[in-house]
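Reading through the structure tokens given below for one structure.
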Amino acid sequence: MKVIRTIRELREELASRRALGQGPVGFVPTMGYLHEGHGSLMKRAREQSGTVVLSIFVNPIQFGPGEDFETYPRDEARDLAFAESQGVDIAFLPDVAEMYPQPTKTKVAVSELTSLLCGASRPGHFDGVTTVVNKLFNIVKPDFAFFGMKDAQQVAVIEQMVRDLNMDVRIVPCPIVREGDGLALSSRNVYLKPEEREQALVLSRSLKTASELLGNGSLRTAGDARQLLREIISEAPMADIDYADVLTFPELTVLADDAEITGVDSMVIMALAVRFGKTRLIDNALFQPKEGISHV
Ligand code: PAF
């Protein structure tokens, strides 16, 4: 595995690999502190690419004031060993000066999809994400890019950007990876104190219960689903709910409380953001109303 820290060197390396017919290029953009969720993206990239590029870059412009940019967990040596074990060909680790030699005057912003859920709680966050993903796509020029569905809104926003701007890359959404007890893997889980981690299991439990009840027809409306999610999450005294919402996916249209979920034409997402102490966790489950199938 080659470790590359400059844009120029990465472009040269990718040009020579393409000239040798070592495509297509699969790209896994990350902020590091890699876990098995990232591992599943690298594995998927390996299966369908001649060259797998992983980027590790904690992108300052997607963090708001008072958020955890400075303290975001970092462990370069461990990440590189893990990436190598997953068959990555090139690990790209630029520093902030390489990516932003001067403050960016250009931002890529997707409207509407970014005005709710995490976009409402973290103003400017998605503009930072779409801007850096755009820059990374321009640098790597991937054929495929792999994103985890734990950040389902991020996937919807990036897919919208790719369509709107005719970007020549295929976005491959990959399923959420969970611990055995249901907690969705996240680099931020490391912040959780043991008691918070225990209580955080209400997230996956609420989604699983709501999905089961939707599947067997005993939960019908979006309002009932919202109420059930809130009731189960509130069983954890440390849980501070940011949102627990029910929307169409990927359009992210909020369903009215009296909307019958089985009558919805597109997929439905139950999306959660909940704070435990200083840690804000997100999780979600998709439901396919026509087939009664859920993905938790
Ligand atoms: O999902 C993430 O880790 C980040 O938002 C991404 C896509 C790498 C952009 O910084």
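A short reminder: the numbers here are calculations on the coordinates, not readings from a lab. Just so it is clear, the structure is predicted and the values come from calculations on it, not from any experiment. Note: ideal-geometry Cβ built from the backbone for every residue, glycine included; neighbour counts use all protein chains shown.
Numbers at a glance
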{"item": "Per-region count, region 212-243, residues among the small types (Gly, Ala, Ser), more than 24 Å from LYS290 (Cβ to Cβ) and buried (at least 17 other Cβ atoms within 10 Å of the Cβ)", "result": "2"}
{"item": "Residue in region 73-82 that is surrounded by 14 or more Cβ atoms within 10 Å (Cβ to Cβ) and within 14 Å of the ligand (Cβ to nearest atom) present", "result": "yes"}
{"item": "Count of region 120-139 residues which are among the hydrophobic types (A, V, I, L, M, F, W, C) and either surrounded by fewer than 21 Cβ atoms within 10 Å (Cβ to Cβ) or out of contact with any helix residue (DSSP H, G or I) (no Cβ under 7 Å at 6 or more places or on another chain) (or both)", "result": "4"}
{"item": "Selected residue (criterion: nearest to PHE92 (Cα to Cα)) from residues of region 147-183 that are among the small types (Gly, Ala, Ser) and either crowded, with 19+ Cβ neighbours inside 10 Å or touching a Lys or Arg at 6+ places or on another chain (Cβ under 9 Å) (or both)", "result": "GLY148"}
{"item": "Among (1) buried (at least 20 other Cβ atoms within 10 Å of the Cβ); (2) in contact with a Pro (Cβ under 8 Å, 6 or more places away or on another chain); (3) under 28 Å from ALA120 (Cβ atoms), the one test that PHE57 misses", "result": "(1)"}
{"item": "Residue tally, condition part of a helix (DSSP H, G or I) and buried (at least 16 other Cβ atoms within 10 Å of the Cβ), over region 1-21", "result": "5"}
{"item": "The lone exception for PHE144 - which of (1) in contact (Cβ under 8 Å) with a residue 40 or more places away in the chain; (2) surrounded by fewer than 21 Cβ atoms within 10 Å (Cβ to Cβ); (3) closer than 30 Å to VAL254 by Cβ it fails", "result": "(3)"}
{"item": "Members of region 190-204 found to be within 16 Å of the ligand (Cβ to nearest atom) and surrounded by 15 or more Cβ atoms within 10 Å (Cβ to Cβ), listed by number", "result": "TYR191"}
{"item": "Cross-chain or 6+ apart pairs with Cβ under 9 Å, region 122-141 first and under 16 Å from MET99 (Cβ atoms) and within 12 Å of the ligand (Cβ to nearest atom), then among the acidic types (Asp, Glu) and assigned to a helix (DSSP H, G or I)", "result": "VAL129/ASP151"}
{"item": "Residue in region 153-189 that is nearest to the chain's Cα centre (by Cα), counting only those that are away from the ligand (no atom under 11 Å from the Cβ) and small (Gly, Ala, Ser)", "result": "ALA156"}
{"item": "Subset tally (residues that are out of contact with any Ser or Thr (no Cβ under 8 Å at 6 or more places or on another chain), surrounded by 22 or more Cβ atoms within 10 Å (Cβ to Cβ) and touching a residue at least 60 places away in the same chain (Cβ under 8 Å)) for region 245-281", "result": "4"}
